[in-house]
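One structure below.
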Amino acid sequence: MTNELIYADPCPLCRRPLTLRPTVEVRSNTPYPTRIDRLPHCTSCAGDMTRAQQWADMMRDLYES
């Protein structure tokens with residue numbers, strides 16, 4: 001069982017469905033194309049100034065541990 005959030009899971013803060021936010025990792029001088037990683041993202045919480053820091057802290061704790 002995984003604790004990671006995925007697309008359409010409810011946001012732990014506001015319970016709205018999560019979307020995917022693209023993050024791009026560019027690899028130069030390799031035969032591989034640019035890879036696009038996607039992270040779960042809550043537009044409502046990340047854009048709300050009162051919840052933005054709480055959202056950022058929660059995501060950092062979830063993915064850096």
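The values are calculated or read from the model by the stated rules, or taken from the named source; none is laboratory data. Worth saying up front: this structure is predicted, and the values here are computed from it rather than measured. Backbone-built Cβ (ideal geometry, glycine too); neighbour counts: all protein chains shown. Ligands, DNA and RNA are excluded from the accessible area calculation, which covers all protein heavy atoms including side chains. Shrake-Rupley method; radii C 1.70, N 1.55, O 1.52, S 1.80 Å.
Overview of values
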read-out	value
Carbon + sulfur, % of accessible area of region 7-65 - ligands and nucleic acids excluded, 1.4 Å	52 percent
Average accessible area per residue (Å²) across region 8-65 - probe 1.4 Å, nucleic acids and ligands excluded	75 Å²
Surrounding net charge for P22, when Lys and Arg each add one and Asp and Glu each subtract one, Cβ distance under 9 Å	+1
